[in-house]
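Undergrad: Below is one structure. I have some questions about it.
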Amino acid sequence: MPQFAEGSYVSWDLRDGPVTVEVMVVDRHHITYRSADDYRDMVEATVYSSLAEKTADWRPATAKEAAAFKARFRPAPQNWD
């Protein structure tokens, strides 16, 4: 499993293109991240699947993807309109 650092940007590919998020918190069992509209979510290890399995398709974001994330990022409550 690649190591994801807090404050780094990661991406994974979907049919419509890459999804880029900012990693907020990393510990042994959880990774919390936020999207460009400040939605926060997490992945966590369970007895059924490891964190490595859940993040297997994650990769470090390219400089272009990270720049696009920063340009779109609007923290709540600014994005409520």
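Undergrad: Just to be sure before I move on: is A45 open to solvent by less than 40 Å² (accessible area, probe 1.4 Å) and under 12 Å from the mean Cα position of the chain (by Cα) in the structure I sent?
TA: Values: open to solvent by less than 40 Å² (accessible area, probe 1.4 Å): yes; under 12 Å from the mean Cα position of the chain (by Cα): no.
The answer is no for A45.
Undergrad: K70 passes all but one of (1) open to solvent by 90 Å² or more (accessible area, probe 1.4 Å); (2) over 16 Å from G7 (Cβ atoms); which number fails?
TA: If we test K70 against (1) open to solvent by 90 Å² or more (accessible area, probe 1.4 Å); (2) over 16 Å from G7 (Cβ atoms), just (2) comes out false.
Undergrad: Is one or more of the residues making up region 66-79 in contact (Cβ under 8 Å) with a residue 60 or more places away in the chain, of a type in the set (F, W, Y) and outside any loop (DSSP other than H, G, I, E, B)?
TA: Checked region 66-79: at least one residue is in contact (Cβ under 8 Å) with a residue 60 or more places away in the chain, of a type in the set (F, W, Y) and outside any loop (DSSP other than H, G, I, E, B).
Undergrad: Here's something else I'd like to know. Looking at (1) surrounded by 15 or more Cβ atoms within 10 Å (Cβ to Cβ); (2) charged (D, E, K, R); (3) touching a residue at least 24 places away in the same chain (Cβ under 8 Å); (4) more than 23 Å from R74 (Cα to Cα), which is the only condition D38 fails?
TA: (4) is the only condition that D38 fails.
The values are calculated or read from the model by the stated rules, or taken from the named source; none is laboratory data. What you see is a predicted model; the values in this text were computed from it and never measured. Reconstructed Cβ throughout: ideal geometry from the backbone, glycine too, with neighbour counts over all protein chains shown. Heavy atoms of the whole protein, side chains included, go into the accessibility calculation; ligands, DNA and RNA do not. Shrake-Rupley method; radii C 1.70, N 1.55, O 1.52, S 1.80 Å.
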